[in-house]
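A.B. asks: I'd like to ask you about the structure that follows.
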Amino acid sequence: MKDKLEAFERLLNIMDDLRSKCPWDKIQTLESLRTLSIEEVYELADAILLNEPQEIKKELGDILLHIVFYAKIGSETNDFDIADIINTLCDKLIFRHPHIYGDVEVANDREVADNWEAIKLREKQKNGKTNTVLGGVPRSLPAIIKAHRIQDKARGVGFDWEERDQVWDKVAEEMEELKEELKNGNKEEIEKEFGDLFFSMINAARLHGINPENALERTNLKFIKRFNYLEEQTIQKGKSLHEMSLAEMDIHWEEAKKLEKES
């Protein structure tokens with residue numbers, strides 16, 4: 001524990017030096033750091049998805065730096081400091097885990113999550129904030145993550161399918177409605193039906209314990225890898241993708257799929 005505390009103290013001292021001596025660090029504000037923090041979180045997400053421990057370590061360090069930076073700025077305006085941040089977090093964790101620090105009993109992780117959401121709602125009511133189930137979903141979340149979070153919060157108050165396989169009837173219904181609008185050719189209605197279909201598919205993923213954001217990103221990475229192989233093979237033959245037929249491209253695409261299975 002001593003070495004961890006010393007490492008954290010070292011970071012805080014470095015942050016003090018940077019804030020007082022570095023021309024760039026001196027002028028940063030909460031607002032100027034915001035977009036940089038978002039970028040760092042996405043870089044961490046990439047490292048986790050690629051399962052690169054050393055990159056994960058580096059990106060976690062970058063995020064920690066941002067937290068310390070925000071704390072330093074907050075201390076300068078007497079709004080909060082790093083101790084306030086940590087103690088507020090500790091208090092919240094203790095309060096939201098009554099099955100650990102209280103006398104509440106839970107049977108599984110699902111009950112823990114349900115209790116967490118219920119406690120959050122009570123906290124908002126106590127603090128005079130709008131007490132709505134979906135009020136805590138950030139507006140700026142990416143659409144897939146937001147849909148998954150909305151559905152999960154709704155489930156927390158019992159608004160969910162009784163049997164998870166029932167969702168596939170909804171998926172089929174949305175697909176048929178989309179096909180009908182495609183025939184009609186109304187772009188606005190087609191967009192709405194695509195949205196409904198995506199939402200129902202995200203719901204299906206959630207019910208089967210799959211994170212839809214992670215699932216789609218893994219497919220993105222798989223497509224990129226296969227397409228890069230296709231492009232590399234084309235260049236090696238002195239050709240351009242523009243000059244190749246779809247059938248010729250498909251040969252290299254299947255080669256890429258085969259290599260994936262063998263690796």
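A.B. asks: Would you check if E255 is among the acidic types (D, E), free of Cβ contacts under 8 Å to residues at least 24 places away in the same chain and not assigned by TED's automatic domain parsing to the domain that holds L49?
C.D. replies: No, not satisfied.
A.B. asks: Something else now. Could we say that E39 is part of a helix (DSSP H, G or I) and surrounded by fewer than 13 Cβ atoms within 10 Å (Cβ to Cβ) here?
C.D. replies: The answer is yes for E39.
A.B. asks: In the range 42-73, how many residues are more than 19 Å from E213 (Cβ to Cβ) and either outside any helix (DSSP H, G or I) or outside the structural domain of E9 (by TED's automatic domain parsing) (or both)?
C.D. replies: Total meeting the criteria: 0.
A.B. asks: Might you check whether a residue that is of a type in the set (S, T, N, Q), loosely packed, with under 13 Cβ neighbours inside 10 Å and free of Cβ contacts under 8 Å to residues at least 24 places away in the same chain occurs anywhere in the range 46-64?
C.D. replies: So far as the range 46-64 goes, yes, one or more of its residues are of a type in the set (S, T, N, Q), loosely packed, with under 13 Cβ neighbours inside 10 Å and free of Cβ contacts under 8 Å to residues at least 24 places away in the same chain.
A.B. asks: Somewhere in the range 105-125, is a residue more than 30 Å from E31 (Cβ to Cβ), part of a loop (DSSP other than H, G, I, E, B) and among the charged types (D, E, K, R)?
C.D. replies: Within the range 105-125 (the criterion being more than 30 Å from E31 (Cβ to Cβ), part of a loop (DSSP other than H, G, I, E, B) and among the charged types (D, E, K, R)), the answer is yes, since at least one residue qualifies.
A.B. asks: To continue, here is another question. Could you list all residues from the range 201-240 that are more than 22 Å from the chain's Cα centre (by Cα) and among the hydrophobic types (A, V, I, L, M, F, W, C)?
C.D. replies: Of everything in the range 201-240, those that are more than 22 Å from the chain's Cα centre (by Cα) and among the hydrophobic types (A, V, I, L, M, F, W, C) turn out to be F227, L230, I235.
A.B. asks: Could you figure out which of (1) of a type in the set (S, T, Y); (2) assigned to a loop (DSSP other than H, G, I, E, B); (3) surrounded by 15 or more Cβ atoms within 10 Å (Cβ to Cβ) isn't true of T132?
C.D. replies: The single condition T132 does not satisfy is (3).
The values are calculated or read from the model by the stated rules, or taken from the named source; none is laboratory data. Everything numeric here is computed off the predicted structure, so don't read it as measured data. Here Cβ is always computed from backbone atoms with ideal geometry, including for glycine, and neighbour counts include all displayed protein chains.
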